[in-house]
Amino acid sequence: MALDGPAERRDELVQVEMGNGNGVAPPQPLRPAGRPAAATAPYLDRRLRLNPNAEHKPQDYSDVRGEYAPVVYSALERHLPPSLLDADRDVKLHFMRDILARYWPQGERNKVQRHKEYRQRILHLYKPLHEELYNMHPSEFFLPTFLEAVRSNSEESFRSFMTEPIPGVYTFAMLQPTFCEMLLEEVENFEKWVHAMKFKIMRPNTMNKYGAVLDDFGLEAMLNQFMEQFVAPISRVFYPEVGGGTLDSHHAFVVEYGKDRDVELGFHVDDSEVTLNVCLGKQFSGGELYFRGIRCENHVNSETQHEAVLHRGRHRHGARAISSGLRINLLLWCRSSVFREMKKYQKDFPTWCGECQREKRGRQSQCVKATKMTFASFG
């Protein structure tokens, strides 16, 4: 769960002016090699909409291949300027790729390409233990009470099966025990296979030395449905201010804690907008999660059973040391490319960062004091 993603890349390519006027496009933005200038030049001075056009129906991008999933383009299209909404799909696609390219400088693209080749090699050779895990079967994966709440799709139905031990952190029963057991067996089978094949296993992040990335051995499509159909409806209700309504990609993995594994996980934030954390087992004691407050990038380091935990990725947390046994957790980092693009043009985040809220109250207090002193001087 470490903050493991690439650093903010504000100046890699074209800066697109935002709908709230906070972003400014440079006079001569760079264009990726081979990109036809005529396709995007007339639109480079256009602004993205801060709020999506809910009535607009995005075009189908399912045939588009590249670093981003088709759903990313569909989500971003709703934020395009009105003059672009009715343009040809290729024009919109070029425009959106110019925006998204800043996330992928050449060095990062090379790294992604190597990982893609690594993943393709595994998918070609690895034989799954439980084939049924690789396609979504809601009634076999989720508890009936959870499915009923998602079908109702209302805040009332969600709260009916949740508890909120800490503001913004929700716990609830979600997964069928058989699903958890099969997933554990699949991960164990994959790790044994990797060892036998003498492959190098890619660890989930820089803080966990044990565990596996589930997307690497074929579970990506199923877990994308998992996010879109069963996490996004909840996050849309409880986390709209951090992109909960525009989740479009994920990073899914398991982590392992035990005597001969990782023992604990230090205080950190996740590289996600919304995180789902589910304890899969096995027998253990200790290893509890703890939370301390939600922070933006500027304030991350300021002081301060099969159950699922849902929280904002920026909610600072850690895992206490495990005292015995083996604990394995499923982590689903849910991300919103639209939210990440938008927040680059904001200086502070008082709607969700506790420290930004404190600073805003301080500024307001100083303003009130200054106003009172001004009136007093006239008295």
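The values are calculated or read from the model by the stated rules, or taken from the named source; none is laboratory data. Only a predicted model underlies this, so the values are computations on that prediction, with no experimental measurement involved. Don't worry about glycine lacking a Cβ; one is built from the backbone with ideal geometry, like all the others, and counts go over all protein chains shown. We work out accessible area using only protein heavy atoms, side chains counted, and drop any ligands, DNA or RNA first. Shrake-Rupley method; radii C 1.70, N 1.55, O 1.52, S 1.80 Å.
Can you tell me which of Asp63, Asp90, Asp45 is open to solvent by 80 Å² or more (accessible area, probe 1.4 Å), modelled with pLDDT of 80 or more and part of a loop (DSSP other than H, G, I, E, B)?
Values: Asp90 fails: part of a loop (DSSP other than H, G, I, E, B); Asp45 fails: modelled with pLDDT of 80 or more.
One residue alone meets the criteria, Asp63.
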- Task: Working only within segment 112-137, note down all residues that are loosely packed, with under 12 Cβ neighbours inside 10 Å and assigned to a loop (DSSP other than H, G, I, E, B).
- Result: Lys127, Asn135
- Query: Filter segment 143-169 for residues that are buried (at least 20 other Cβ atoms within 10 Å of the Cβ) and aromatic (Phe, Trp, Tyr); which is nearest to Arg312 (Cα to Cα)?
  - Reply: Phe158
- Query: What helices (runs of 4 or more DSSP H) completely inside segment 138-239 contain at least 2 residues that are under 21 Å from the mean Cα position of the chain (by Cα) and closer than 23 Å to His251 by Cα?
  - Reply: 220-226, 232-238
- In segment 101-111, what residues are surrounded by 18 or more Cβ atoms within 10 Å (Cβ to Cβ) and assigned to a helix (DSSP H, G or I)? Ala101, Arg102, Tyr103
- If we keep just the residues of segment 170-192 that are open to solvent by 60 Å² or more (accessible area, probe 1.4 Å) and acidic (Asp, Glu), which is farthest from Asp216 (Cα to Cα)? Glu181
